[in-house]
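The values are calculated or read from the model by the stated rules, or taken from the named source; none is laboratory data. Quick caveat: nothing in here was measured; it's all calculated off a predicted structure. When we count neighbours, we look across all protein chains shown, and the Cβ atoms used for this are built from the backbone with ideal geometry, even at glycine.
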Amino acid sequence: MSKPYREPRSFRQQPSRQLRSQLRPSQQSSPPPLALPLPKTKIDSTARVAVLGVGSDLRSDDAAGLLALEDFRRLTSIGENHPRVGTWIGGTAPENVTGVLRRFAPTHLYILDAAHFKGFPGAIRAIAPSEVGGATFSSHQMPIPIFMHFLATDLPDTEMVIIGIQPGSVEFGFATSPEVRQAAETVAIWLANIVAPLIGYPL
């Protein structure tokens with residue numbers, strides 16, 4: 001019998017005013033100018049958006065997805081229990097969260113992760129489930145293509161995309177690089193604008 005999902009305490013953070021200030025009123029109608037797509041399916045008051053942070057905070061830039069999720073939570077003040085926007089830490093074993101995701105039944109799922117796609121450190125790329133073979137993911141117990149296959153089976157009507165951040169180093173014991181740290185904040189701001197219809201303004 002599997003244990004119920006419990007959030008790691010170290011990722012329960014209070015909102016940051018400095019990070020909130022990066023979301024300007026002029027950005028409320030559209031996301032910041034990034035090479036990231038708008039959802040194919042419109043996000044309105046009936047949508048349910050899930051955000052999953054993946055990676056290891058022990059392996060320098062492999063923490064990119066965890067940092068992006070942490071910044072997103074700080075920016076939006078969203079915890080685990082928002083009725084329309086769910087956020088979860090997948091760590092190095094995101095498959096452990098599939099049961100929670102299935103119960104939440106999202107219309108949209110954003111997976112935040114460090115991904116090697118031959119870009120410069122800190123580069124950001126949206127990766128569709130059909131494109132996961134073109135990128136590599138370093139620290140997962142279950143390979144991402146297999147994980148995405150299981151998700152597609154469990155959530156056939158959910159629009160899914162991986163937001164990948166190109167790491168520099170994923171060696172143990174080193175701090176996250178400034179380029180990846182900035183990219184994580186950028187992804188958080190982009191996501192906050194995406195879910196704006198569900199959480200309301202001001203943040």
Exercise. Scan region 168-194 and report the pairs whose first residue is at pLDDT 85 or above and whose second residue is among the β-branched types (Val, Ile, Thr) and part of a helix (DSSP H, G or I), with Cβ atoms within less than 9 Å and a gap of 6+ or a chain change.
Key: 188/76; 191/76; 192/76; 192/199
Self-check item: region 72-84 residues that are closer than 17 Å to residue 54 by Cα and assigned to a helix (DSSP H, G or I), paired with ones that are of a type in the set (A, V, I, L, M) and modelled with pLDDT of 80 or more (beta carbon under 6 Å, 6 or more apart)
Solution: 72/188; 72/191
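Any idea which of 104, 120, 72 is modelled with pLDDT of 80 or more, closer than 27 Å to residue 146 by Cβ and over 15 Å from the mean Cα position of the chain (by Cα)?
Values: 120 fails: closer than 27 Å to residue 146 by Cβ; 72 fails: over 15 Å from the mean Cα position of the chain (by Cα).
Going through 104, 120, 72 in turn, the sole match is 104.
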Practice problem: Determine whether region 123-130 contains at least one residue that is at pLDDT 85 or above and at positive phi. | Solution: no
Practice problem: Within region 85-135, count every residue that is assigned to a loop (DSSP other than H, G, I, E, B), touching a residue at least 60 places away in the same chain (Cβ under 8 Å) and either closer than 20 Å to residue 42 by Cα or aromatic (Phe, Trp, Tyr) (or both). | Solution: 1
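Which of the residues that make up region 92-120 are in contact with a Leu (Cβ under 8 Å, 6 or more places away or on another chain) and either closer than 13 Å to residue 54 by Cα or of a type outside the set (Lys, Arg) (or both)? Let's see the steps before the verdict.
Initial filter on region 92-120 (in contact with a Leu (Cβ under 8 Å, 6 or more places away or on another chain)): 94, 97-98, 101-102, 105-106, 109-112.
The answer is 94, 97, 98, 101, 105, 106, 109, 110, 111, 112.
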